[in-house]
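First comes the structure, then the notes that go with it.
The values are calculated or read from the model by the stated rules, or taken from the named source; none is laboratory data. Source: prediction; values computed, not measured. Here the Cβ positions follow ideal geometry from the backbone for every residue, glycine too, while neighbour counts run over all protein chains shown. Keep in mind that these areas ignore ligands, DNA and RNA; they rest on the heavy atoms of the full protein, side chains included. Shrake-Rupley method; radii C 1.70, N 1.55, O 1.52, S 1.80 Å.
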Number of protein chains: 4
Amino acid sequence: MNVNDSVTKQKFDNLYCCRESILDGLKRTTDMMFGGKQVVVCGYGEVGKGCCAALKAMGSIVYVTEIDPICALQACMDGFRLVKLNEVIRQVDIIITCTGNKNVVTREHLDRMKNSCIVCNMGHSNTEIDVASLRTPELTWERVRSQVDHVIWPDGKRIVLLAEGRLLNLSCSTVPTFVLSITATTQALALIELYNAPEGRYKQDVYLLPKKMDEYVASLHLPTFDAHLTELTDEQAKYLGLNKNGPFKPNYYRY
Amino acid sequence: MNVNDSVTKQKFDNLYCCRESILDGLKRTTDMMFGGKQVVVCGYGEVGKGCCAALKAMGSIVYVTEIDPICALQACMDGFRLVKLNEVIRQVDIIITCTGNKNVVTREHLDRMKNSCIVCNMGHSNTEIDVASLRTPELTWERVRSQVDHVIWPDGKRIVLLAEGRLLNLSCSTVPTFVLSITATTQALALIELYNAPEGRYKQDVYLLPKKMDEYVASLHLPTFDAHLTELTDEQAKYLGLNKNGPFKPNYYRY
Amino acid sequence: MNVNDSVTKQKFDNLYCCRESILDGLKRTTDMMFGGKQVVVCGYGEVGKGCCAALKAMGSIVYVTEIDPICALQACMDGFRLVKLNEVIRQVDIIITCTGNKNVVTREHLDRMKNSCIVCNMGHSNTEIDVASLRTPELTWERVRSQVDHVIWPDGKRIVLLAEGRLLNLSCSTVPTFVLSITATTQALALIELYNAPEGRYKQDVYLLPKKMDEYVASLHLPTFDAHLTELTDEQAKYLGLNKNGPFKPNYYRY
Amino acid sequence: MNVNDSVTKQKFDNLYCCRESILDGLKRTTDMMFGGKQVVVCGYGEVGKGCCAALKAMGSIVYVTEIDPICALQACMDGFRLVKLNEVIRQVDIIITCTGNKNVVTREHLDRMKNSCIVCNMGHSNTEIDVASLRTPELTWERVRSQVDHVIWPDGKRIVLLAEGRLLNLSCSTVPTFVLSITATTQALALIELYNAPEGRYKQDVYLLPKKMDEYVASLHLPTFDAHLTELTDEQAKYLGLNKNGPFKPNYYRY
């Protein structure tokens, strides 16, 4: 059961949680000010969207890199300049990777960054920044506090590498209980579904969580916000061709 | 070919276009100021998300109603109080429907609104506001300018009804050429695809546009913004298991 | 009596009103989409701040020019790149002047703008754009709709000039009654104050409105928003050294 | 020399710094999520404006209390409901004081808050929350981590008190070097001015920093952001009646 792509995981854990943890992770490690800083965010998926929204709101000037033209166009419409990393690498104060890809930030990029540039990773593993390329004799590493390394070039330039390129949100921030609750509920329901499912419903394959369960997870968390859901009248349900208890959207709905 | 649910239609025409046309439509019809106004938006789909974001940015206080717990939770996380329409009907200055449903605003609601409340529809047809219920002898209609009616209660209360409950964005705003271009390109590509498709690819059914075409539509519009897309290296494409020319996402990806 | 610099004029008429009228004026004249557009705003006073905030919220990429280092630093902290006009003149889609100065946009700038660039003025008079310099034989003027001229270069390039360089917010937008009410109330109170003032209070000079009147103007408009003001307790007023009825701030307070 | 009211202190240290430190202080002490939370901010001065903007951007629903009708109207226009504390005390998740006043949050308020409500102070001293009133026998204090106390009511209700009511931004967050630099530069220039001033310029009184020095402090910090200031031409300076090197604004200008 592919829980990672259920909507409550994608939109809540990735988008909303990262919107907060990017700020938290950067503050706890570097105590930097966001206002006026130039930042490049590599990747404009849910995590990238969260990071960009948060930093824009804090007064940073944010650039985005993307490989997918749809996400790229979203970045444009959200007010971010879409660039190649090389175009801005010399001027940015912070580089954040959230692509799910490997070697997005290479040694060549690192060589061209300006002094005291901060480099960190919010993506899915420790592959996005080519940290191995920094383990060469001419560079000096200095641990300045937990999870924060200065990598020092022969000319004195220092790059601030966070969490050695591992996930900033897990290494240097905390995961709010609210998000844990959503994700854990989704996982638990997936297990219950698998356990209770009549034989034959699931074959040897990967499945998305049934939408109704996604909706159930969400509905369980609404009281936290004192949120009041509207119920369909019989007439409205008939008009829309929906069951009054959901599911309310087709499977391809994007939220 | 279901073009309406392709991502370039849903996210661009609905979300980004409505984010602008809700402001435009309200300004051209009412010349009102948005700052400090209390607004309720019925429905938090793409259209509702666009309306809410725009009005929040202009300093309005926005409430949301929803029937779908997932969209409801999104509204919460985006900073909107989720209410039932009855809870706020007496206090709001503007009511905007974007549910795709019928009779979301009923005569009972209209009776309880405060004087000079503005009522309009950004949804998919003219069913969302029960306008027929306002055609009763005790209410007087006064056309104050094109697309703007005052409906006057016996006690003198006036409700400002826009476009007689039809779509505000089509009736009282303009559609930017950029959005027209995206939608028209999508439709043209769908027709070309149907025309060129080898026999048997499409049966008597409704299909979503192939993702690669969605991506192609987007890529055609990037130069407008002087946006520079990054290309995958061979090594990265292999790592991700993707073709360098796309498609870049699985079909269920939500953007 | 200098009413223009009273806080209810500066912050409400200039900041909040322009935040809305820049969008309104541009939409009504050009039907353009704001998302993804590159815009340069000349001047980051109250008017410029309002224009920048609105366009940023609509997804534009906004650059700012300034002569005053304090306002310039504010622009940085609010997330706008501070540039000289020449640095971005070739790439921007819209140029907005709000400096109160003259010849901020010169013929030289106009010659370098890209095709279909929109030029408009939100400042205090028609001096900011050197419109006279466009009245030369090699340029053709074409009136495309009320308040909108295309100025056409010999090579076919068109510049879209709004309101012939006069104030966009007055020429192509409407002033909301709420703002009119605040400004008119301020002016009326100033006249009443002058009329009632004991001889000798005002000499042959220009005065700012007494702060207590500014506060009175504001308090008269709070019920519009169903806003509930908190009253100081006697103990608190004593602690702060204030009269419970105001004025609540020293004269140099900046809001 | 009153450095606290110079514009670089008021707008930068108070507004921009607090916009970041409110989030930082809350995260480091409570690891809470901001999205969807209901917050009341007492006081809408520079500090309150910064707190409100940050929390709104993170998806919180923010209420404001004010005693000054001008600041109150600003809160309305910025999209915050203006309430008395009693109206929302039962429903909010976080209470933040930034009034400069005393006993803004009283024992009566604390008795009515809901379980796990967070109470903190961003104002000027430790007087805003009546912490002394919580030192009574029926309440139990539990230190859960540094700077975080649970105050426990007989029925089990817990209030989360941060920094024992002292300043959150100083106790539980860090002050970025950029802000320190602005404030320290301002103070140093004030001392230099006092030292160099010809006898008689300053009498036994409190003075604001001369505007030209404020501008100088700002200009020293522009290179950090690679910000390019525009210079007035001779003709423009003459038109505006200004010296090309400033000061650029009258003393009453509010920024």
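Side notes on the structure shown:
- For A:Leu194 and B:Asn251, the FRET efficiency from 1/(1 + (r/R0)^6), where r spans their Cβ atoms and R0 equals 22 Å, is about 0.45.
- Occluded residues from the stretch C:219-255, i.e. those whose accessible area drops by 50 Å² or more once the chain is not alone (1.4 Å probe): C:Phe225, C:His228, C:Leu229, C:Thr230, C:Glu235, C:Gln236, C:Tyr239, C:Phe248, C:Tyr252, C:Tyr253, C:Arg254, C:Tyr255
- Residues of the stretch A:173-213 buried by at least 20 Å² on assembly (accessible area, 1.4 Å probe, chain alone as reference): A:Thr174, A:Pro176, A:Phe178, A:Leu208
- Shape call, the stretch C:177-240: gyration tensor on alpha carbons, a/c limit 1.5: oblate
- Set of aspartates and glutamates with alpha-carbon distance to B:Lys244 below 19 Å, sequence-local pairs under 8 removed: A:Glu66, A:Asp68, A:Glu128, B:Asp214, B:Glu215, B:Glu231, B:Asp234, B:Glu235
- A simple charge model with +1 on the Cβ of Lys and Arg, -1 on the Cβ of Asp and Glu and nothing else charged puts the dipole of the protein assembly as shown at about 0 debye relative to its Cα centre.
- Farthest toward the positive end of the dipole of chain C, out of C:Tyr253, C:Thr97, C:Leu189, is the Cα of C:Thr97, where the dipole comes from beta carbon charges about the Cα centre.
- Counting Lys and Arg as +1 and Asp and Glu as -1 over every other residue whose Cβ lies under 9 Å from the Cβ of C:Val104, the net charge comes to -1.
- In sequence order, the stretch D:47-61 has phi-based couplings of 5, x, 4, x, 4, 5, 4, 5, 6, 4, 5, 8, x, 7, 9 Hz under the Karplus curve 6.51 cos²θ - 1.76 cosθ + 1.60, θ = phi - 60°, and Gly or Pro positions carry x.
- Distance from the C-alpha centroid of the stretch D:1-71 to that of the stretch C:73-99: 27 Å, rounded to the whole angstrom.
- Carbon plus sulfur fraction of accessible area for the protein assembly as shown, probe 1.4 Å, in percent: 52
- Three-way shape label, the protein assembly as shown, alpha-carbon gyration tensor, a/c 1.5: rounded
- Summarising the strand pairing of the protein assembly as shown, around 30 percent of its internal DSSP beta bridges are antiparallel.
- Inter-centroid distance (Cα atoms) of the stretch D:223-255 relative to the stretch D:135-189, Å: 41
- Heavy atoms of D:Thr140 accessible to a 1.4 Å probe, total area in Å² rounded to 10: 80
- DSSP-assigned coil residues among trypsin sites (Lys or Arg not before Pro) in the stretch B:52-141, each with at most 11 further Cβ atoms within 10 Å: B:Arg90, B:Arg135
- Value of [θ]222 nm, deg cm²/dmol, for chain A, DSSP H segments ≥ 4, -39500 (n - 2.57) each, nearest 500: -9500 deg cm²/dmol
- Pseudo-label separations to other copies for B:Glu231 - Cα-to-Cβ vector, 7 Å, nm: 4.4, 5.9, 7.3
- Compared with its chain on its own, the stretch B:60-77 contains the following residues whose accessible area drops by 50 Å² or more in the full protein assembly (probe 1.4 Å; ligands, DNA and RNA excluded): B:Ile61, B:Ile67, B:Asp68, B:Pro69, B:Ile70, B:Leu73, B:Gln74, B:Cys76, B:Met77.
- Prolate/oblate/rounded call for chain C, Cα gyration tensor, a/c under 1.5 rounded: prolate
- Max mean-square fluctuation residue, GNM over chain A, Cα-Cα springs under 10 Å, options A:Asn101, A:Asn14, A:Asn86: A:Asn86
- Distances in nm from A:Ser133 to the matching label points in the other copies, shortest first (labels 7 Å along Cα to Cβ): 4.6, 6.1, 6.5
- Buried solvent-accessible surface, both chains (C, D), 1.4 Å probe, Å² to nearest 100: 6200
- Each other copy holds its own label point for A:Ala184; taking that point as 7 Å from Cα along Cα to Cβ, the gaps run 4.5, 5.5, 6.1 nm, nearest first.
- Chain A: relative contact order as a whole-number percent, Cα under 8 Å and 6+ apart: 19
- Solvent-accessible surface of chain D, averaged per residue with a 1.4 angstrom probe and all protein chains in place: 39 square angstrom.
- The GluC sites (Glu not before Pro) of the stretch B:186-221 that DSSP puts in a loop, and whose beta carbon has at most 12 other beta carbons within 10 Å, are B:Glu199.
- Subset of A:Lys212/D:Lys37; C:Lys11/D:Lys27; A:Lys9/A:Lys203 violating a 30 Å alpha-carbon distance limit: C:Lys11/D:Lys27
- Residue of chain C whose Cβ sits closest to the axis mapping C onto B, with distance in whole Å: C:Ala57, 2
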